[in-house]
Amino acid sequence: MQQFVVLLVALQLCSASRDSPCIHDDRLPAVTEAQIASRNSLLETDPLPELKGIYYINLPTSALRRGRIHSLMKMTSPQNMFIERFEAVGKKSAQQANLKEFTEHGIHEYMSKTYQGGTMWATVGVYLSHARLLKKIMDDHKNETNAMYLIMEDDAIVQPDWHAKFMKILPDVPKDWDMIRIGYGTDSNLRCEDKINKNWYENRAPTRSKGNDKAFYAGNTAYLVRPQSIPTILRQLSSMPILDVDGTMISKEDGMRVYGVADPLVYHGNGLGLSDRMWAGLNPLSSLVQTEAKVETPPVSLAEVIDSAVGTSSSEENKSVKAFEMFGQDLA
């Protein structure tokens, strides 16, 4: 197993950067340069925000994930970074929760048709977990200026140099952002009409393709928010029924503004430490891995899903090896 993990790291370190593919969608006009300039002009003098802390959402019963994500973020984040666990809402707690806590619109009708039994309530729990954490950040850090916080789900898998890469492309994101996605769910896609520049796409609705066989900007695996923007996010949640939470956190002209990375810095895990895409065609235990239902897509190589710079230093390589060794221990 250790040799297999080392192989993954070697592939990661040797993979070259590439342009991110996107899917055309004639239902939306392309975002124009004039629109982007207008958005930037409103906040032109604002300095870049500083990452002040990291929160990860985790169920009390998920001790393995808790240990892994906490250690991984300690290892790959700036020194002395504030990292805190936020307790997730499980399906039993969700059934007993006040469903009017964030919206008066109830549960969307598709939820009971799409998710059977406890799965629907687990989805409600995910919604409540993200909404409650947003409210906590807003309340705890309301007096902070020029600050941003990273929210992660506990099965997220970060690139070893995710922070350096993020800070390098942060100046290119339009300054009117309320939320920045730096990772997506399994089988998420980019829409060509949403392209802002080579590094960023606006995360606009609709979040399904015209044929309903592809997802756009799926998942809340990892995203950043500013405390002063959270009221806008919560207002948008309050205008919609309870549904898959990533579907509520989408860019709207009369609501929140959401941008996402062209090349993910964080990948969605499957509970074993590596995402389905990273395992595709490589994992001899794939038949034992429980995964979410997903549309059929062509096999994707590891080099295609990991965007790493060539010429990594030895210290960075050691950091990468240590990070991936933890994932191998999950499978031992």
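The values are calculated or read from the model by the stated rules, or taken from the named source; none is laboratory data. Remember, it's a predicted structure, so these values are computed and weren't measured experimentally. As a convention, Cβ positions derive from the backbone with ideal geometry for all residues, glycine included, and neighbour counts pool all protein chains shown.
Quick notes
- Among residues of region 108-135 that are in the same structural domain as SER238 (by TED's automatic domain parsing) and in a loop (DSSP other than H, G, I, E, B), those with a Cβ under 9 angstrom from a residue that is modelled with pLDDT of 95 or more and β-branched (Val, Ile, Thr), sequence gap 6+ or separate chain, pair up as HIS108/ILE242; TYR115/THR123.
- Taking the listed residues ARG226, ARG204, the one that is touching a residue at least 24 places away in the same chain (Cβ under 8 Å), over 27 Å from ALA63 (Cβ atoms), touching a Lys or Arg at 6+ places or on another chain (Cβ under 8 Å) and not aromatic (Phe, Trp, Tyr) is ARG204, with no other qualifying.
- Residue match in region 146-169 (condition: surrounded by fewer than 18 Cβ atoms within 10 Å (Cβ to Cβ), in the same structural domain as HIS70 (by TED's automatic domain parsing) and modelled with pLDDT under 95): yes
- A count restricted to region 85-116 and to residues that are farther than 30 Å from PHE166 by Cα, touching a helix residue (DSSP H, G or I) at 6+ places or on another chain (Cβ under 9 Å) and not hydroxyl-bearing (Ser, Thr, Tyr) stands at 14.
- Residue ID - farthest from ASP155 (Cα to Cα), chosen from residues in region 222-232 that are crowded, with 22+ Cβ neighbours inside 10 Å and among the β-branched types (Val, Ile, Thr): ILE230
- Filtering region 157-210 to residues that are of a type in the set (Phe, Trp, Tyr) and more than 26 Å from ILE69 (Cα to Cα) leaves TRP177, TYR201.
- Filtered residues of region 157-201 (kept if within 17 Å of LEU51 (Cα to Cα) and among the small types (Gly, Ala, Ser)): ALA164, GLY183
- Tallying residues that are touching a Lys or Arg at 6+ places or on another chain (Cβ under 9 Å) and either surrounded by fewer than 17 Cβ atoms within 10 Å (Cβ to Cβ) or in a loop (DSSP other than H, G, I, E, B) (or both) within region 240-252 yields 3.
- Hits in region 136-163 (condition: outside any loop (DSSP other than H, G, I, E, B) and out of contact with any Ser or Thr (no Cβ under 8 Å at 6 or more places or on another chain)): LYS136, ILE137, MET138, ASP139, ASP140, ALA147, MET148, TYR149, LEU150, ILE151
- Enumeration of residues in region 179-199 that are crowded, with 21+ Cβ neighbours inside 10 Å, over 14 Å from the mean Cα position of the chain (by Cα) and closer than 26 Å to LEU134 by Cα: ASP194
- Hits in region 168-194 - residues which are of a type in the set (A, V, I, L, M) and in contact with a helix residue (DSSP H, G or I) (Cβ under 9 Å, 6 or more places away or on another chain): MET179, ILE180, ILE182
- Any hit, region 75-84, residues being in a helix (DSSP H, G or I) and closer than 28 Å to MET167 by Cα: yes
- Matching entry among ILE83, ILE69 (being modelled with pLDDT of 95 or more, surrounded by 16 or more Cβ atoms within 10 Å (Cβ to Cβ) and farther than 29 Å from ALA215 by Cβ): ILE83
- The set of residues in region 75-107 being in contact (Cβ under 8 Å) with a residue 40 or more places away in the chain and either touching a Gly at 6+ places or on another chain (Cβ under 6 Å) or of a type in the set (Phe, Trp, Tyr) (or both) consists of PHE86, VAL89, PHE102.
- With respect to being closer than 20 Å to MET249 by Cβ and not basic (Lys, Arg), GLU101 fits the description.
- Filter result for ASP154 (within 17 Å of LEU51 (Cβ to Cβ) and of a type in the set (Asp, Glu)): no
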